[in-house]
1. Quick check: from the Cα gyration tensor, does the chain come out rounded (a/c under 1.5), prolate or oblate?
2. Can you give the FRET efficiency for residue 223 and residue 38, using 1/(1 + (r/R0)^6), R0 = 51 Å, r = Cβ-Cβ distance, to the nearest 0.05?
3. Going down the table (210/276; 81/235; 71/128; 210/235; 210/282), which pairs top 26 Å between alpha carbons?
4. Of all beta bridges DSSP finds with both residues in the chain, what is the antiparallel percent, to the nearest 5?
5. Go ahead and collect, in residue order, the members of the stretch 256-300 whose backbone nitrogen is under 16 Å from a label point 7 Å along the Cα-Cβ direction of residue 240.
6. Calculate one ³J(HN,Hα) per residue across the stretch 244-260 by plugging θ = phi - 60° into the Karplus curve 6.51 cos²θ - 1.76 cosθ + 1.60, and present them in order as whole Hz with x for glycine and proline.
7. Do any trypsin sites (Lys or Arg not before Pro) in the stretch 100-202 lie in a loop, going by DSSP, with at most 16 other beta-carbon atoms within 10 Å of their beta carbon, and if so which?
Amino acid sequence: MNLPLIYDLDLPALTELLQTWGEPAYRARQIWHGLYKSFWQAPEEFTSLPKSLREKIAAGLSFQPLTPTLKLDSSDGQTRKTLFALADGRQIEAVLMRYDRRRTLCISTQAGCAMGCTFCATGQMGFKRNLSSGEIVAQVIYYARLLAEENLAVTNVVLMGMGEPFHNYENSMAAIDRLNDAEGYAFGARRFTVSTSGLVPAIRQFASEKRQVNLAVSLHAVDDVARSAMMPVNKRYPIEELISACRDYVQVTGRRITFEWALIHEVNDSPETAQKLARLLKGLLCHVNAIPLNPTTGYAGQPTSRERAAVFQATLEQNGIPCTIRMRRGIDIQAGCGQLASRSV
Ligand code: SAH
Ligand code: SF4
């Protein structure tokens, strides 16, 4: 039988478990600090605990949710991608990107994805399963430990790896809350970004819960025919409903939304499309994050050119919508969007 994963527990649950073993609450706190401040990842590292308790946690809990099976560094050394095997052999990935003084971590919330976006490598592989909250947490702690060796820390976490976080809502939010715990990793809520393909009820729920977490919405098209062709979720929640939920989100939270836009050559990168997009987003507290498409084997579209990207950006800005063009990072290691894991399975 599989042992329960220690990263799946929050502090009250860990305290309760230790109580059933006849251990005082302060022992739970010591373990918590070991996990989330010292990044210990095996029972024998908890040297501040009595040996008998170390043996109990070794016998009763699992510490190894993720086994790194492949580590790849981009040629400029700024991007590290790790492919992990989960306990059941499923594969996921998490990517660390260093730029400016940021160290942004992109983590997965599901193995595969059920949303079926045509241009996305993860969508092309289909849905395998949800990650538990602990499997999501462990990706961050893995990199936190790695960076700590350089006296560095993760500065931002984006839930933009494999999977649709709002299709695994409870576990994704539990992971954020656990990493945010003031007595543990204490990672600021504002330094998380959750990205969704547009699950409207979840956007509304997320707004009502008022976490200080940033929201990104993957838009990619301005009309329903085009968007439904790329993103089947649009048939369920068309653009008007989606944008209306986004407007309500901004109203309720006062927070700015990011719209993600993969620039695909002659599909959604024309100045006319930029104008329509500006009209759609008019008056909404937002900005557009555009990124040239990462080509995938299952989709014929090609990335936009530098020139067309620049015109797209300028057109949006002239029409009052802030837009940044992100460069594709780690393209030489398939660090975009589930490409490595889908290739190796
Ligand atoms: N499922 C969520 C988060 C994971 S995908 C979502 O869809 O928002 C993270 C981002 O990568 C999304 O904006 C998605 O649209 C984008 N993406 C997926 N495949 C891509 C590709 N081939 N090129 C560029 N961006 C891509
Ligand atoms: Fe899933 Fe996001 Fe990929 Fe769409 S873009 S298939 S929602 S991971």
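1. Since a/c reaches 1.5 and a/b is larger than b/c, the shape of the chain is classed as prolate.
2. Values: r = 52 Å, r/R0 = 1.02.
Rounded to the nearest 0.05, the efficiency is 0.45.
3. Working: 210/276 30 Å; 81/235 33 Å; 71/128 22 Å; 210/235 28 Å; 210/282 24 Å.
Result: 210/276; 81/235; 210/235 exceed 26 Å.
4. Antiparallel: roughly 45 percent of the beta bridges in the chain.
5. 280-281
6. Along the stretch 244-260, the couplings run 5, 5, 5, 4, 5, 4, 5, 4, 6, 9, x, 9, 6, 9, 9, 9, 8 Hz.
7. Working: sites: 101, 102, 103, 128, 129, 145, 178, 190, 191; in loops: 101.
Taking the stretch 100-202 and a limit of 16 other Cβ atoms within 10 Å, the loop trypsin sites (Lys or Arg not before Pro) found are 101.
Readers should treat all values here as calculations from the given coordinates under stated rules, not as data from a laboratory. Everything numeric here is computed off the predicted structure, so don't read it as measured data. Don't worry about glycine lacking a Cβ; one is built from the backbone with ideal geometry, like all the others, and counts go over all protein chains shown.
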